[in-house]
Amino acid sequence: AQAKRALEIIVGALAQAGAEPRHVVRTRMYVADASRWEDVARAHGEVFADIRPATTLVAVAGFVDPAILVEVEAEAMVED
């Protein structure tokens, strides 16, 4: 659920910048529990399956706030 919400926020931020998910060229996902990587990857695929940005998924020991289970970063490029 956190991955889906993070991706919703990214899609909203892209829209505010006049971009779309198709403009994303790279994503990074950090997960606190490596056993949940497939859940995070599945959520990522719902947004980026046909786009296929360069993607990195990293399992981390944890976040400052233990309630955070995942962090997602996205880089987009829009040419004028």
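Just so you know, in the stretch 51-74 the residues that are over 10 Å from the mean Cα position of the chain (by Cα) and within 14 Å of Val25 (Cβ to Cβ) include one that is least open to solvent (accessible area, probe 1.4 Å), and it is Pro53. Evaluation of Arg52 against the conditions (1) among the basic types (Lys, Arg); (2) without any contact (Cβ under 8 Å) to a residue 24 or more places away in the chain; (3) at negative phi shows that the sole unmet condition is (3). Scanning the stretch 9-43 for residues that are closer than 21 Å to Met77 by Cβ, of a type outside the set (Gly, Ala, Ser) and either in a helix (DSSP H, G or I) or open to solvent by less than 60 Å² (accessible area, probe 1.4 Å) (or both) yields a total of 12. Checking each residue in the stretch 33-54 for being closer than 14 Å to Ala6 by Cβ and touching a strand residue (DSSP E or B) at 6+ places or on another chain (Cβ under 7 Å) picks out Val40, Ala41, His44, Phe48.
The values are calculated or read from the model by the stated rules, or taken from the named source; none is laboratory data. Since the structure is predicted, the reported quantities are computational estimates derived from the model, not experimental observations. Methodologically, a virtual Cβ is constructed for each residue, glycine included, from the backbone with ideal geometry; neighbour enumeration extends over all protein chains shown. Remember, those area values only see protein heavy atoms, side chains included, never the ligands or the DNA or RNA. Shrake-Rupley method; radii C 1.70, N 1.55, O 1.52, S 1.80 Å.
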